[in-house]
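These notes are about the structure you will find just below.
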Amino acid sequence: MSLIRAFIALEIPPVLQNIIAQHSAILQKEAPHIVRWVAPVNIHLTLKFLGETSAASLQELVHALAAVTAQQPPFSISVGGFGVFPNPKRPRVLWIGIQAPPELGHLSHAIETACARLGYPAEEKPFNPHLTLGRVREDADQTRLRPALQNYQIGQLGAINVESVTLFRSDLRPQGPSYTALAHIPLAKLDP
Ligand code: 2AM
C-alpha cells in the first residue's frame, strides 16, 4: 500500500506570500547556506502534521475535519513579528509570528481531538502557531547566523482571513518539498 505524507494547515494569501518573500530574500543574503529556506509559495501555518498515511485514512480524516470546521465560523489572524526557536543563542527554526483570536486555539484543539480519534499520534508540544521561514542546517556555523538575526525585525505584514483549512500532501525531493492541496475543508458559512 502506498503511503502519503500529509499535514493540515492554513494557507497564506498570495499578497502575504509576496511580502514574506521580500523578508526571506533579505535574510537569505545574510545567511545563504546556513539555513534551508522555505520557498515563499510553501509557507503555511501548520495545524497538524500527520506523517505517512494511507489514502483511505485521509478520506476518513476529511470527513472528520468537515464535521469540525462546520462548527467554526471564519475568523482573522494578523501576521507579523520575527523570532527563532528554541532560543536566540542556538536558533534552529526562523519564523514569522502570528496574532490570533482564541478561535485558532479552539480549531487546533478540535482538529487534534478528531485526529486522535482516528489514531494519529497526539502532538507532544503545545500548539505554538507560526510561519516557518527557514530551518538552520545541523552543521551550520552559528557564529555567522546570530549577528544577522539578532537585529532583524519584521513589523505587521497583514492578515489571513481563515475560511477553510487545507489537507496537504508533501513530497520530499532533493531540491525541497513539494506541497499539493488534496482538500480544502470550509469553515462554517456566515449568516447572510
Ligand atoms: P512547521 O513549518 O510549522 O514547523 C509540513 O512538513 C509541515 O509539517 C512543516 O512545515 C512543519 O511545520 C510540520 N511538521 C511538524 N512536525 C513535523 C515532522 N515531524 N516532520 C515534518 N514536518 C513536521
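Rounded to the nearest 20 debye, the dipole magnitude of segment 3-186 is 580 debye, with +1 charges on Lys and Arg beta carbons, -1 on Asp and Glu beta carbons, and the Cα centre as origin.
Placing unit charges on each Cβ (+1 for Lys and Arg, -1 for Asp and Glu) gives the chain a dipole about its Cα centre, and among 142, 80, 126 the Cα reaching farthest toward its positive end belongs to 142.
Among the trypsin sites (Lys or Arg not before Pro) in segment 46-108, those placed in a DSSP loop whose Cβ has at most 12 other Cβ atoms within 10 Å are 89. What longest range of the chain stays clear of loop-exposed chymotrypsin sites (Phe, Trp or Tyr not before Pro) (DSSP non-H/G/I/E/B, at most 16 other C-beta within 10 angstrom)? The longest uninterrupted stretch comes out as 1-126.
Test of the criteria: in segment 99-190, which GluC sites (Glu not before Pro) are in a DSSP loop and have at most 11 other Cβ atoms within 10 angstrom of their Cβ? Of the GluC sites (Glu not before Pro), the ones in loops of segment 99-190 whose Cβ has at most 11 other Cβ atoms within 10 Å are 124, 138.
Among beta bridges from DSSP that stay inside segment 48-192, the antiparallel ones total about 100%. Across segment 3-186, the mean sequence separation of Cα contacts (distance under 8 Å, 6 or more residues apart), normalised by length, yields a relative contact order of 34 percent. For the chain, the solvent-accessible area of protein heavy atoms averages 56 Å² per residue (probe radius 1.4 Å; ligands and nucleic acids excluded).
Over the chain, with every protein chain in place, what whole percent of the accessible area is carbon and sulfur at 1.4 Å, could you tell me? Answer for the chain: carbon and sulfur cover 54 percent of the accessible area. Relative contact order, whole percent, for segment 111-192 stands at 18, derived from Cα pairs under 8 Å and 6 or more residues apart. Segment 11-73 and segment 133-147 have Cα centres separated by 22 Å.
The values are calculated or read from the model by the stated rules, or taken from the named source; none is laboratory data. The shown structure was predicted, so the numbers you read here are calculated from the model rather than taken from an experiment. Here the Cβ is made from the backbone with ideal geometry for all residues, glycine too, and neighbour counts use every protein chain on show. Note: areas computed on protein heavy atoms with side chains; ligands, DNA, RNA excluded. Shrake-Rupley method; radii C 1.70, N 1.55, O 1.52, S 1.80 Å.
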